[in-house]
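*Asks:* After the structure tokens below, expect a handful of questions from me.
The values are calculated or read from the model by the stated rules, or taken from the named source; none is laboratory data. It should be emphasised that the depicted structure is a prediction, and the values quoted were computed from it without experimental measurement. In this analysis, Cβ positions are derived from the backbone assuming ideal geometry, glycine residues included, and neighbour counts consider all displayed protein chains.
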Amino acid sequence: MNGNKNFIDFIIDAKDSADLYDGFVKMSSPKTLEEFFKLKGYVVSSDDCEKLIRAKSDFGIEEGRIPPAY
Amino acid sequence: MASTDSSRRLSIEVTKRCNSSCIHCFAGASEKGSTEIAYEVLKNIIIDGADAGYRHLHLTGGEPLLHGDIFEVIDKALEKGYQTILLNTNGMLLNGHMCQKLAQYPELTISVSLEGSEALHDRFRGNGTYQRAIKGLETGLEAGLEIIIFTIVCKSLLPDLPRFADQLFTRFQGIKYLTLIRLIDSAPINSIFGKELLRPDDFLNLVRAISLLNLYGWPTTLLNDPLINLVARMLAISWIPESKELHQQGNLMVMADRSLSVSHTSDAYCGQYGSASIENVLSYDPYRQAVAPDKLICPACQYAQICHDNGLLRPVDGHALGLTDSYFCKAVLDLMAT
């Protein structure tokens, strides 16, 4: 039972699982991402899903660029 | 003639003295260390560096805050036009008085070393050091210092890395970002910590973790390891900030014994400071060879072009891991190809 896992738990699991990670990468909308998390047994809020999808865009995934160093 | 590369950094190992004796220290510093650069010499290095066009200074050690003239060094650097100064510390000397003085310099960024949990930190750095570092971190943030965290990534940390980062950014909200450093296979580490070195599959796990932490809003990077950008690109993700080669043209380090090199971990000897100007050292053959793209190993590798395109100019040694061909980078890329 992993229904109480949050996004940090997801990172812990996904770093060791290409399938889980790739599944996350493919999600392109907050709604499908939230459903993805629910299906996999993680509780991630709608706000966080929106934030994650927005962050994907902000980091330039579509352009394939490398973000500048901090 | 001064270089126009505005990003290059002059590093000075101001002292080998340290108030800790970390068993993974790649600088070879310790409580018994006595080699130190006197202020008069430091002043000349700073002036010489400024004349050579450096605008970014890196003060390291040892524990640089143990140097009795460290504030004079900072003052001189700013007077000579350096725009940013990065100072590495273990955080244990960041008391109220020290932090108030450091906070007077907006150009200063302080890196505080934390190695994960208290148990792991103290295992690497000595009993009681975690609590002292945390106290220093809290005091520094309260004083308004710009602080980044340096953390060595090893086998023991990797499973807990996401939680460590989450707790770090949640508890210490003023931290600017988390800089991870892959544990390297120097001889003393190999004998003590061989089992702690990341293997190629661990590296892929690290890439995924860092990318997700960045997406979540916990800014995390891997120091001087462009292999991570290459892997991220091959995974078609781009949520990891650029990580440049440490041994890149322009970067120079003056060691506490005044020898010149590219970094703590470089075996390139580029002479002694004082025998020539810094500008001249940058054109010496040993220096140019140390920062030049590899011509012996990489050209025969099937990944040479993609590595070059992504800023990885030299093979990453994996000898201590017992890899078949001893190159960590190739083993990682082979793993991705399977």
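*Asks:* Which of the residues spanning region A:26-36 are buried (at least 17 other Cβ atoms within 10 Å of the Cβ) and closer than 22 Å to B:ILE240 by Cβ? Before you say what the answer is, go through the steps one by one.
*Replies:* So in region A:26-36, the residues buried (at least 17 other Cβ atoms within 10 Å of the Cβ) come out as A:27, A:30, A:33-34, A:36.
Residues satisfying the conditions are A:MET27, A:LEU33, A:PHE36.
*Asks:* Here are some conditions: (1) within 11 Å of chain A (Cβ to nearest Cβ); (2) surrounded by fewer than 17 Cβ atoms within 10 Å (Cβ to Cβ); (3) at pLDDT 95 or above. B:GLY217 meets all but one. Which one does it not meet?
*Replies:* The single condition B:GLY217 does not satisfy is (3).
*Asks:* Can you tell me which residue within region B:80-109, out of those that are in a strand (DSSP E or B) and of a type in the set (A, V, I, L, M, F, W, C), is surrounded by the most Cβ atoms within 10 Å (Cβ to Cβ)? Walk me through how you get there before you give the answer.
*Replies:* Initial filter on region B:80-109 (in a strand (DSSP E or B)): B:84-89, B:108-109.
Within this subset, residues satisfying the condition of being of a type in the set (A, V, I, L, M, F, W, C) are B:85-87, B:108.
On the way: B:ILE85: 19, B:LEU86: 18, B:LEU87: 23, B:LEU108: 19.
Looking at residues that are in a strand (DSSP E or B) and of a type in the set (A, V, I, L, M, F, W, C), I get B:LEU87.
*Asks:* Looking at region B:141-182, which of its residues are out of contact with any strand residue (DSSP E or B) (no Cβ under 8 Å at 6 or more places or on another chain) and either part of a strand (DSSP E or B) or closer than 21 Å to B:LEU198 by Cβ (or both)?
*Replies:* Of everything in region B:141-182, those that are out of contact with any strand residue (DSSP E or B) (no Cβ under 8 Å at 6 or more places or on another chain) and either part of a strand (DSSP E or B) or closer than 21 Å to B:LEU198 by Cβ (or both) turn out to be B:CYS154, B:LYS155, B:SER156, B:LEU158, B:PRO159, B:ASP160, B:PRO162, B:ARG163, B:ASP166.
*Asks:* Here's a follow-up. Go through region B:62-76 and give me each residue that's in contact with a Lys or Arg (Cβ under 7 Å, 6 or more places away or on another chain) and under 19 Å from B:ALA27 (Cα atoms).
*Replies:* Scanning region B:62-76 gives B:GLY62, B:GLU63, B:LEU66.
*Asks:* What helices (runs of 4 or more DSSP H) completely inside region A:1-50 contain at least 2 residues that are modelled with pLDDT under 95 and farther than 20 Å from B:ASP160 by Cα?
*Replies:* Values: elements: A:7-14, A:18-26, A:30-40.
It comes to A:18-26.
*Asks:* Show the residue pairs meeting these rules: Cβ distance below 9 Å; 6+ apart or different chains; first residue within region B:302-316 and more than 14 Å from chain A (Cβ to nearest Cβ); second residue of a type in the set (Phe, Trp, Tyr).
*Replies:* Cβ pairs passing all conditions: B:PRO315/B:TYR327; B:PRO315/B:PHE328; B:VAL316/B:TYR327; B:VAL316/B:PHE328.
*Asks:* While we're looking at this one, here's another question. Of the residues B:GLY68, B:GLY62, only one is small (Gly, Ala, Ser), part of a loop (DSSP other than H, G, I, E, B) and surrounded by fewer than 17 Cβ atoms within 10 Å (Cβ to Cβ); which? If you could, list the steps in order and put the result at the bottom.
*Replies:* Numbers: B:GLY62 fails: surrounded by fewer than 17 Cβ atoms within 10 Å (Cβ to Cβ).
None of the other options fit; the residue is B:GLY68.
*Asks:* Another question, then. When you go through (1) under 19 Å from the mean Cα position of the chain (by Cα); (2) away from chain A (no Cβ under 13 Å); (3) part of a loop (DSSP other than H, G, I, E, B) one by one for B:ASP225, which number turns out not to apply?
*Replies:* B:ASP225 satisfies every listed condition except (2).
*Asks:* Further question: I need the full set of residues from region B:244-269 which are in contact with a Ser or Thr (Cβ under 9 Å, 6 or more places away or on another chain), more than 19 Å from B:GLU36 (Cα to Cα) and without any contact (Cβ under 8 Å) to a residue 40 or more places away in the chain, in order please.
*Replies:* Once the filter is applied, which keeps residues that are in contact with a Ser or Thr (Cβ under 9 Å, 6 or more places away or on another chain), more than 19 Å from B:GLU36 (Cα to Cα) and without any contact (Cβ under 8 Å) to a residue 40 or more places away in the chain, region B:244-269 yields B:LEU246, B:ASP267, B:ALA268.
*Asks:* If a residue must be touching a residue at least 24 places away in the same chain (Cβ under 8 Å), closer than 22 Å to B:ARG163 by Cα and either aromatic (Phe, Trp, Tyr) or more than 9 Å from chain B (Cβ to nearest Cβ) (or both), how many such residues does region A:7-40 contain?
*Replies:* So the first thing to find is which residues in region A:7-40 are touching a residue at least 24 places away in the same chain (Cβ under 8 Å), and the list is A:7, A:9-10, A:27-29, A:37, A:40.
Next, only the ones that are closer than 22 Å to B:ARG163 by Cα stay: A:7, A:9-10, A:37, A:40.
When the remaining residues are screened for being either aromatic (Phe, Trp, Tyr) or more than 9 Å from chain B (Cβ to nearest Cβ) (or both), the result is A:7, A:10, A:37, A:40.
Residues flagged as touching a residue at least 24 places away in the same chain (Cβ under 8 Å), closer than 22 Å to B:ARG163 by Cα and either aromatic (Phe, Trp, Tyr) or more than 9 Å from chain B (Cβ to nearest Cβ) (or both) within region A:7-40 amount to 4.
*Asks:* Moving on. Filter region B:246-277 down to residues that are part of a loop (DSSP other than H, G, I, E, B), among the β-branched types (Val, Ile, Thr) and at pLDDT 90 or above, then give me how many there are.
*Replies:* Narrowing region B:246-277 to residues part of a loop (DSSP other than H, G, I, E, B): B:246-251, B:255-258, B:262-271, B:273-277.
Now narrow it down to the ones that are among the β-branched types (Val, Ile, Thr): B:262, B:265.
Pick out the ones that are also at pLDDT 90 or above and you get B:262.
Of the residues in that region, 1 qualify.
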